[in-house]
Amino acid sequence: MHTPKTPLVAAALLAVLTLIPSARAADAPELSAEERQRLTAARRVASDKPEVLAAEEQAKADRAQVRKLYLDYKALREKSAASEEAHRRLLAEAMAKADPAAAALVEKERAAFRARMEKSRKDGKDKGEEDGES
């Protein structure tokens, strides 16, 4: 039987990573008030540079564009799903009008397809176990 190893690896990695930052935080020295002030002043000077301001504006514009594209994608995906559902419903209604027994035949066809897919999956898993895959 094939057992997914990815979740186990991810869980182990997460456990290790959660321990590392806490150890580093305990060992890391705190900044003094003077060091914090120098760092703040350096950030202010750096952020006033034209190239830094331009890069920040570009980053903001790119984030806004990504968000807009994501929302457009989401809306189009919902619209597509609704139109596909409407098509399926209208097709089923038209088939029922054309032949009242069509719905039963469609269900029989779907059941046969499911059975073939399940058999194919089972055969694939059996073959994988024979080849030594896990």
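The values are calculated or read from the model by the stated rules, or taken from the named source; none is laboratory data. Bear in mind that the values here come from a model prediction, so they are computed numbers and not experimental data. Counting neighbours? That spans all protein chains shown, and the Cβs are built from the backbone with ideal geometry, glycine included.
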Check your understanding: Taking only pairs six or more apart or across chains, which ones have beta-carbon atoms under 9 Å, a first residue in segment 122-134 that is modelled with pLDDT of 65 or more, and a second residue that is surrounded by fewer than 10 Cβ atoms within 10 Å (Cβ to Cβ)?
Key -> Lys125/Met1; Lys127/Glu133; Gly128/Ser134; Glu129/Met1
Review point. Taking segment 46-75, which residues are surrounded by 10 or more Cβ atoms within 10 Å (Cβ to Cβ) and either outside any helix (DSSP H, G or I) or β-branched (Val, Ile, Thr) (or both)?
Key: Lys49, Val52, Val66
